[in-house]
1. List the DSSP H helices in the chain whose Cα atoms stretch 27 Å or more along the helix axis and whose mean Kyte-Doolittle hydropathy is at least 0.5.
2. Roughly to the nearest percent, how much of the accessible area of the chain is carbon and sulfur, given a 1.4 Å probe?
3. What whole-number value in Å² describes the accessible area per residue of the stretch 112-161 for a 1.4 Å probe?
4. What figure in square angstrom, to the nearest 10, would you give for the accessible area of Ile7 with a 1.4 Å probe?
5. In the set [x] -0.40, -0.47, -0.71, -0.98; [y] -0.35, -0.43, -0.70, -1.04; [z] -0.55, -0.61, -0.76, -0.98, which value of log10 I(q)/I(0) by the Debye sum over Cα atoms at q = 0.10, 0.11, 0.14, 0.17 Å⁻¹ was calculated from the structure you see?
Amino acid sequence: MDARFDIFGNEIGLRFAKRFAGAGLVIQQSALPGSTQELVSLRASQINGCGHCIDMHVKEAAAAGESAVRLHLVAAWRESTVFTEAEQAALALAEEGTRLADAHQGVSDETWALVRKHYDDDQIAALVSLVALINAANRLAVILHQRGGSYEAGMFAAALD
């Protein structure tokens, strides 16, 4: 199925996408490790069934040197030995922040305590913003039927130049 709409081909859509990418750049340039950013984005995208974003974040992570083993195990991170405690805290936050309707309390106090243990205030600001941003990106891509498979690392940044 083809995408329903080319958001980059529309003046309003392109203006929005550039500002959206600007918000992403703030997070990307933060002290939150890039590998953590990609793992969190990948996990939220898996939960939301966003093939386009899964494709993008797997390829961006691989291009940045992330191992295939870790990328394959993100969906089962709780049953894996390849993620640090800090990454596990970030992945838990990503899941709970993505599945808001599944848990009336949103992010649990336990998960929040783990995040506070492993990240400083700037990293937490970036992490929380990232969870919000990737969920918005997933919704845009799913609504527009943007499919995964054809993304190449660096493509998104190039489209907005």
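The values are calculated or read from the model by the stated rules, or taken from the named source; none is laboratory data. None of the values given here were measured: they were computed from a predicted structure. What goes into the accessible areas is simple: the full protein's heavy atoms, side chains included, and nothing from ligands, DNA or RNA. Shrake-Rupley method; radii C 1.70, N 1.55, O 1.52, S 1.80 Å.
1. Membrane-span-like by this criterion, though nothing is claimed about a membrane: 121-143.
2. The value for the chain is 56 percent carbon and sulfur by accessible area.
3. Value for the stretch 112-161: 56 Å² per residue.
4. Surface open to solvent at Ile7 totals about 30 Å².
5. Correct label is [y].
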